[in-house]
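The structure appears right after this line, and notes come after that.
The values are calculated or read from the model by the stated rules, or taken from the named source; none is laboratory data. Fair warning: this is a prediction, and the values are worked out from it, not measured in the lab. Here the Cβ is made from the backbone with ideal geometry for all residues, glycine too, and neighbour counts use every protein chain on show. The area values use the complete protein model at the heavy-atom level, side chains included, leaving out ligands, DNA and RNA. Shrake-Rupley method; radii C 1.70, N 1.55, O 1.52, S 1.80 Å.
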Amino acid sequence: NTTGDRNVVLGSEAGSANTTGSDQVLIGYNAGKENNGHQNTLIGGSAGLYMDTGEYNVAIGCSALRCASGTATHPDNNVAIGGGAMHSATEANENVAIGGNAMYDITTGTENVAVGRMSMSNVLAGLRNVAVGYNSSLALETGQNNVSIGFAAGATVTTGDQNVCIGVNAGNDQ
């Protein structure tokens, strides 16, 4: 770090390409390796690995908020907790993903909430969706304003808008 201030870095290759980032906590192998953002907390092996200028993010878990390799990534104001949570983010903003692989494929989605392993794991550019429960909204890619609560609720909805699915397997093709 050549011009950044007040960083805490612990782990092999953690923050190693950071030249200007400030006020960051980067803990774990490759955590925040390429990050030059500000006020990020990235904890876990490869957490925030390819994030280049994201700000105000919290990522806890192996490969949480890892971001896409070889592309400009600027996710802001996200919380990703769990291995692989928000793994592929590029321009995703203001999302909360809690659970292993929650919102795994997200790229540009905004204001989504996913709680539960694999919840909303295929979302790419969803907007204001809520999924609570294992595999809830599993196949959702670009939908808006959907709510899925329960085990696999809304798991087969891919691009729908304004759906509400509550209960085990609610809203799914059987």
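Here are some notes:
- Scanning region 51-66 for residues that are modelled with pLDDT under 95 and crowded, with 24+ Cβ neighbours inside 10 Å, we see that the one that is nearest to residue 13 (Cα to Cα) is 51.
- Selection of first residues in region 134-149 that are at negative phi and of second residues that are aromatic (Phe, Trp, Tyr), restricted to Cβ pairs under 9 Å at least 6 apart or on distinct chains, gives the following pairs, ordered by first then second residue: 134/151; 136/151.
- Residues in region 73-124 that are in contact with a Pro (Cβ under 8 Å, 6 or more places away or on another chain) and hydrophobic (A, V, I, L, M, F, W, C): 86, 89, 92.
- Selection status of residue 29, open to solvent by 60 Å² or more (accessible area, probe 1.4 Å) and in contact with a Gly (Cβ under 9 Å, 6 or more places away or on another chain): yes
- For region 112-128, a residue qualifies if it is closer than 13 Å to residue 155 by Cβ and in a strand (DSSP E or B), and exactly one does: 114.
- Check on residue 44, within 15 Å of residue 103 (Cβ to Cβ), small (Gly, Ala, Ser) and crowded, with 24+ Cβ neighbours inside 10 Å: no
- Residue that is surrounded by the fewest Cβ atoms within 10 Å (Cβ to Cβ) [pool: residues in region 79-99 that are under 13 Å from residue 66 (Cβ atoms) and not aliphatic (A, V, I, L, M)]: 90
- Yes/no for residue 134 being of a type outside the set (A, V, I, L, M, F, W, C) and touching a Gly at 6+ places or on another chain (Cβ under 7 Å): yes
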